[in-house]
Amino acid sequence: MLNARLYRAAVVPFLFALAIAAFSLGSRPLPLSSTLAPDAFEGRRAFAEMQALAARYPERRPGSAADQMLAERVSATLRGLGGAAGGGFSVHTQHLEGQTIDGERSLTNVIAQRPGSTNAAPIVIVAHRDAAARGSEAELSGTAVLLELARVFAARETKRTIVLVSTSGGSGGDAGASALSASLHGAADGAIVIGDVAAAHVSRPEVVAFSDAFGSAPLTLTRTASDAITHEFGADPGAPSALGQLAHLALPMAAGEQGVLNAGGVPAVLVQASGERGPSPREPVSAERLEGLGRAVLSTVDALDAAPDVSSAMQTGLVLQRKTLPLWAVQLLVGTALLAPLIAAADGLARLRRRRMPVGRWTLWTLSCALPFLSCALFAFLLGGLGVLGAAPAVPVPPSAMPVEGTAATVVMAVALSFLLAWLLWTMLVRRLRWGARPDPEVAGLAILLVLIPLALVVWASNPFAALLLLPATHLWLLLAAPELRPRRAGSIALVLAGLLPLALLILFYAHQLGLGVGGVAWTAVLMLAGGHIGLGGAVLWSAALGCAAAAAMLALRPDRKSVV
């Protein structure tokens, strides 16, 4: 049924697209540089302040009394630097209701603004002050650096307006940063989020530019911050791998306040010694690390202040070595790569229609395989909507902030049981419709592709990187659709697993980056659904893709025809 000659001919456009993509590679933009020495930043004073704050406010759950008292102390410190007319800051507070690791809470942002000498777009510096666990000294280093930078800028004239923000909710949910992004309306030229800058153990990359939406911070901003760190320490702060970029572009999710700022239209990078995951509650701290990263942040701000406006366009392509591959080239490559399975499947459909095979019935059967996954997602939506979870942040939360125990473990088990129940009901449905318990090897393989390939095209139209997750399956599972080429059961199972490899790599990447175990992965998936990070449309697409995988697995597990007596 598979026309190999037609398939090979349909691969030719991809080869042309590959040549075009090679010519589309461009150079990375140069980092901005500062001519001012960052010596004005006193690291020892900032380190001592971090220790004092940690001792005075050891419990800083978001929205708690201690969190509010620390907000008042930060506000008083900033006000003590004098008003804007005298070179200091105008300080105000922003009160909001937001989803945190403890559920819906009343939070406070402290916002200090010092006007610049020009009307150029402002530069925003952000640090959260809350923490999930007691102590968490390294997590307070951002607040200490923020206050030290305030002292520096109170005594230094800048061209751009400097906005310093102490947020709450950064331990999970990023509600404070989300409210800040909404209030800025994209009017900032760039934002630097100061995370943990005192951890003794460094994890790379130390500059994180990923977003909760498609894309990441502009390369100029990212390279400027990385270059400043390199000048301070004489070492490369690291850069995301190709797999890391693909994972974040295929499934955008960021553990850090820069994620919601980028998603809200404010170009932002996170400077953090402990990388994307963040510090553990008992992470040892280093005064030298805090001073070096604090000075790097100051150098970055000085470079942005002296330069023309930084482009606010998000980085949507890939950075490969020292070159950039633009989004349109990726779209062209993935689109042409889908041509071969599309044409081969269309030809196979025409052949089966001439033989009057029941293609429509088995296509509906394939679509029905998505129902258990969709019902599971709807159950998670229901749990979040009814408030059963208590807390359902839409963005990834470190395992230490919301561990898989107690309510979380119960919810994960309940969702798993709902999935099993849905499969039992699905079995009853297909029997009631008399579709048969096992897929027809003559038709079901093509029916799977008739669902999978249009699904890949729909995904490709909105996000070509997400379509990469489906691309291997569209090619490999063609062999399942051709009875004359389909391997025996072991080979068919291997084909199904190979088609699922991109999804497995995606899950393993995020599990490693965020420190998630098996339970943590399941809990994060439930939170992303219940919190709304994955909407109904995304849930339908994911369910359809997983339904195709389930259908392919059932086809592969079907006993070999020769072994049936």
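The values are calculated or read from the model by the stated rules, or taken from the named source; none is laboratory data. Not measured: the values here are computed from a predicted model. Every residue, glycine among them, receives a Cβ derived from its backbone with ideal geometry; neighbour counts consider all protein chains shown. With ligands, DNA and RNA removed, areas are computed over all heavy atoms of the protein, side chains included. Shrake-Rupley method; radii C 1.70, N 1.55, O 1.52, S 1.80 Å.
For the pair residue 42 and residue 355, label points projected 7 Å from Cα toward Cβ lie 8.4 nm apart. Applying 1/(1 + (r/R0)^6) with R0 = 30 Å to the Cβ-Cβ distance of residue 56 and residue 405 gives a FRET efficiency near 0.50. Highest-first packing order for the peptide set 30-36, 122-128, 332-338 is 122-128, 332-338, 30-36, based on the mean count of other beta carbon atoms within 10 Å.
For segment 1-130, carbon and sulfur atoms together expose 58% of the accessible surface, with a 1.4 angstrom probe and every protein chain in place. Per-residue ellipticity at 222 nm from helix content only, as computed over the chain with -39500 (n - 2.57) for each DSSP H run of at least four residues, stands at -16500 deg cm²/dmol.
Net charge of the neighbourhood of residue 229, taken over other residues with C-beta under 15 Å away and scored Lys/Arg +1, Asp/Glu -1, is -4. Taking a ≥ b ≥ c as the square roots of the eigenvalues of the Cα gyration tensor, segment 233-380 is classed as prolate, since a/c reaches at least 1.5 and a/b is larger than b/c. Remark: segment 306-454 carries 50 Å² of accessible area per residue (probe radius 1.4 Å; ligands, DNA and RNA excluded). For segment 114-246, what class follows from the C-alpha gyration tensor (a ≥ b ≥ c being the square roots of its eigenvalues): rounded when a/c is under 1.5, otherwise prolate if a/b is larger than b/c, else oblate? Verdict is rounded for segment 114-246.
Which net charge results when you count Lys and Arg as +1 and Asp and Glu as -1 among the other residues whose beta-carbon is under 15 Å from that of residue 201?
Working: positive: 204, 277, 282, 289; negative: 137, 139, 196, 206, 276, 283, 288.
With Lys, Arg at +1 and Asp, Glu at -1, the neighbours total -3.
Between residue 388 and residue 540, the FRET efficiency estimated from the beta carbon spacing at R0 = 22 angstrom works out to 0.45.
Anisotropy class assigned to segment 255-314 is oblate, per the alpha carbon gyration tensor with a/c at or over the 1.5 cut-off and a/b no larger than b/c. Within the chain, DSSP assigns beta bridges of which about 65% are antiparallel (rounded to the nearest 5). Report note on the peptides 50-58, 212-220, 389-397: ranked by the mean count of other C-beta atoms within 10 Å, highest first, their order is 389-397, 212-220, 50-58. Summing +1 for each Lys or Arg and -1 for each Asp or Glu among the other residues whose beta-carbon sits under 11 angstrom from that of residue 510 gives 0.
With contacts defined as alpha carbon pairs under 8 Å and 6 or more residues apart, what's the relative contact order of the chain in percent?
Relative contact order here is 18 percent.
Once the Cα atoms of helix 536-556 and of the chain are each reduced to a long axis, what angle between those two axes, in degrees from 0 to 90 to the nearest 10, is obtained? With both axes taken from Cα atoms, the answer is about 40 degrees. Inter-label distance, residue 94 to residue 433: 4.9 nm, where each label sits 7 Å from its Cα along the C-beta direction. Between the helical axis of 444-462 and the longest alpha-carbon principal axis of the chain there is an angle of about 30 degrees. The mean sequence separation of alpha-carbon pairs under 8 Å and at least six residues apart, normalised by the residue count of segment 177-295, gives a relative contact order of 47 percent.
Between residue 28 and residue 421, the modelled label-to-label distance comes to 5.1 nm, taking each label 7 Å out from Cα in the direction of the beta carbon.
Within the accessible area of segment 374-517, the carbon and sulfur atoms contribute 72%, probe 1.4 Å, all protein chains present.
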